Amino acid sequence: MKNLRIINGRVIDPANQRDAIGDVFVSDGKFGASLPDGDVETIDATGLVVAPGLIDIHVHVREPGQSHKETIASASRAAAAGGFTSIVTMPNTSPTADSAATIAWIRAKAEKESCVNVFCTGAITKGLQGEELAPFGALLAAGIVAITDDGRCIQNHEVMRRAVEYAGMFGLPVMDHCQDVSLVGEGVMHEGEWSLRLGLPGWPRIGEEVIVARNIQLAELCQSPVHCQHISSGGSVRLLREARARGVQISGEVCPHHIALTDASLAHFDSNFKMNPPLRAPEDVEAIIEGIADGTLTILCSDHAPHAAYEKEVEFDQAPFGITGLETEFAIFCDLLVHKRNAISLQRLIELYTTEPSKLLRLDRGTLAPGAPADVTLIDPELSWTFEKSQSLSLSHNTPFDGHSWKGRAVRTIVAGETVWSL
Ligand SMILES: [Zn+2]
């Protein structure tokens, strides 16, 4: 492996309270404290931010089973182009990632074909059916970092209680897609003025909030961590804030679309604005931004959910939920949270994508400390650019952000000392 020095950049390494102009050294795929011996490649990072490699904990890679939408290889290329050195896969594949064999298959394929690190989650219940628990011990031994039934939500509270208790014994974080099926029914968009105007069935906030409340109670009862995925409702933010203040081991994540867009975007029935949970009202956007700013919401991620054009190009209520996001998420959050709203600092933005996910999933990443794997993202926080979906490296182009412009972008992605993508 090559040795590397990255010079003259603004090094932001929240794990080590470092924010200063300086150099970063890499030897044999790991960070070093000083200039390595032998052949050294030099990268001049003048004017750029040198950050630990970004981590996205919520990615649907669609393999095994749906490689017409995305593959591990294509998802990894899109991740690299978004500045991500590590992604965490969701288990709603075909077959479901509820057995050690499927996890082993994904990890072996990633080892061969992915240009970024791939960490796996396993299912909470067999076949995501919400009934019988998956074998957590065998899944952990196969290398998972968390469990989730993402895409589905366990409706039976007793099953969820046993899942949280049992996962706690293994030290496995439980992540949950919060959706009460009886309250949401056939809902396809936020229940409110726009669903009424458009005549589409509503997906009310309460459908998320009751499950967030359930998860808070279970995390407290079982003294074990639960993480709420893709928070969309202002009410959920208030519940999380109150629970975290009491010391409950509960956390929440935010996807860029939930603060960059509202339900009014659905006026044209474009299914590239259809995702689950749905885009909500301006007051939810404000509450979520406040939650990010005050530390209630600690993780940012994409919920990258590729679908083929022919699957999305159907009537709105028939179209599948989900949008792509790996290549646009960092820019959207940087533009909106740092530049436009001044809600958080650039340093905090990097923390939300590095130390926070590392802490939640206990990854040996998200730091520039000597000895750690040399994953680095070079960022130009002032670069203005326009996203063209025709240029996307994902196999699917179901994004609502085609033609959107932002300020801030990753410009080079380095995994274990090797550049895997650069602008
Ligand atoms: Zn989900």
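The values are calculated or read from the model by the stated rules, or taken from the named source; none is laboratory data. Bear in mind that the values here come from a model prediction, so they are computed numbers and not experimental data. Counting neighbours? That spans all protein chains shown, and the Cβs are built from the backbone with ideal geometry, glycine included. For the accessible areas, the whole protein counts, side chains as well, though only heavy atoms, and no ligand, DNA or RNA atoms are used. Shrake-Rupley method; radii C 1.70, N 1.55, O 1.52, S 1.80 Å.
Restricting to segment 290-311, name every residue that is open to solvent by 10 Å² or more (accessible area, probe 1.4 Å) and not in a loop (DSSP other than H, G, I, E, B). Matches in segment 290-311: Glu290, Ala293, Ala309, Tyr310, Glu311.
Could you list, in sequence order, all residues of segment 160-187 that are among the hydrophobic types (A, V, I, L, M, F, W, C) and open to solvent by 10 Å² or more (accessible area, probe 1.4 Å)?
Within segment 160-187, Met169, Phe170, Val181, Leu183 meet the criteria.
Selection of segment 235-247 for residues being on the phi < 0 side of the Ramachandran plot and surrounded by fewer than 21 Cβ atoms within 10 Å (Cβ to Cβ) yields Gly235, Arg238, Arg241, Glu242, Arg244, Ala245, Arg246.
Close Cβ contacts (under 6 Å, 6 or more residues apart or on different chains) running from residues in segment 151-166 that are under 25 Å from Ser94 (Cα atoms) and touching a residue at least 60 places away in the same chain (Cβ under 8 Å) to residues that are open to solvent by 20 Å² or more (accessible area, probe 1.4 Å) and within 16 Å of the ligand (Cβ to nearest atom) comprise Gly151/Asn92. How about segment 289-309: which of its residues are within 14 Å of Gly235 (Cα to Cα) and within 16 Å of the ligand (Cβ to nearest atom)? If the condition is that a residue be within 14 Å of Gly235 (Cα to Cα) and within 16 Å of the ligand (Cβ to nearest atom), then Leu297 is the only one that fits. Restricting attention to segment 62-77, and to residues there that are of a type in the set (A, V, I, L, M, F, W, C) and without any contact (Cβ under 8 Å) to a residue 60 or more places away in the chain, which single residue is surrounded by the fewest Cβ atoms within 10 Å (Cβ to Cβ)? By that ranking, first place goes to Ala73. Yes or no: His258 in contact with a helix residue (DSSP H, G or I) (Cβ under 7 Å, 6 or more places away or on another chain), within 15 Å of the ligand (Cβ to nearest atom), part of a strand (DSSP E or B) and at pLDDT 95 or above? No, not satisfied.
Quickly run through segment 356-381 and pick out the residues that are assigned to a helix (DSSP H, G or I) and open to solvent by less than 30 Å² (accessible area, probe 1.4 Å).
Residues satisfying the conditions are Glu356, Pro357, Ser358, Leu361.
When restricted to residues that are open to solvent by 70 Å² or more (accessible area, probe 1.4 Å) and not small (Gly, Ala, Ser), segment 382-392 contains 3. Scanning segment 1-45 for residues that are over 16 Å from Ala369 (Cβ atoms), among the small types (Gly, Ala, Ser) and surrounded by fewer than 16 Cβ atoms within 10 Å (Cβ to Cβ) returns a single hit, Gly38. Give segment 399-419 a look and list any residue that's crowded, with 21+ Cβ neighbours inside 10 Å and within 15 Å of Ala51 (Cβ to Cβ), or say none. Answer for segment 399-419, where residues must be crowded, with 21+ Cβ neighbours inside 10 Å and within 15 Å of Ala51 (Cβ to Cβ): Gly408, Arg409, Ala410, Arg412, Thr413, Ile414, Val415. Restricting attention to segment 248-266, the residues being open to solvent by 30 Å² or more (accessible area, probe 1.4 Å) and among the aliphatic types (A, V, I, L, M) number 2. Only one entry of Thr46, Thr148, Thr102, Thr85 meets the criterion of being over 29 Å from Val11 (Cα atoms), touching a strand residue (DSSP E or B) at 6+ places or on another chain (Cβ under 8 Å) and at pLDDT 95 or above, and that entry is Thr148.
Residues that are within 14 Å of the ligand (Cβ to nearest atom), touching a helix residue (DSSP H, G or I) at 6+ places or on another chain (Cβ under 8 Å) and open to solvent by 10 Å² or more (accessible area, probe 1.4 Å) do not occur anywhere in segment 270-283.
The residues in segment 313-339 that are in a helix (DSSP H, G or I), farther than 16 Å from His258 by Cα and out of contact with any helix residue (DSSP H, G or I) (no Cβ under 6 Å at 6 or more places or on another chain) can be counted, and the count is 3. Condition check: crowded, with 19+ Cβ neighbours inside 10 Å and either without any contact (Cβ under 8 Å) to a residue 12 or more places away in the chain or out of contact with any Pro (no Cβ under 9 Å at 6 or more places or on another chain) (or both). Does Leu395 satisfy that? For Leu395, the condition - crowded, with 19+ Cβ neighbours inside 10 Å and either without any contact (Cβ under 8 Å) to a residue 12 or more places away in the chain or out of contact with any Pro (no Cβ under 9 Å at 6 or more places or on another chain) (or both) - is not met.
Just the residues that are part of a helix (DSSP H, G or I) and touching a residue at least 12 places away in the same chain (Cβ under 8 Å), please, taken from segment 268-289.
Restricting attention to segment 268-289, the residues satisfying the condition of being part of a helix (DSSP H, G or I) are 268, 271-273, 282-289.
Ser271, Asn272, Phe273, Pro282, Glu283, Asp284, Val285, Glu286, Ala287, Ile288, Ile289, listed by residue number.
Note on segment 82-136: residues that are open to solvent by 10 Å² or more (accessible area, probe 1.4 Å), within 16 Å of the ligand (Cβ to nearest atom), closer than 20 Å to Ile57 by Cβ and without any contact (Cβ under 8 Å) to a residue 40 or more places away in the chain total 3.
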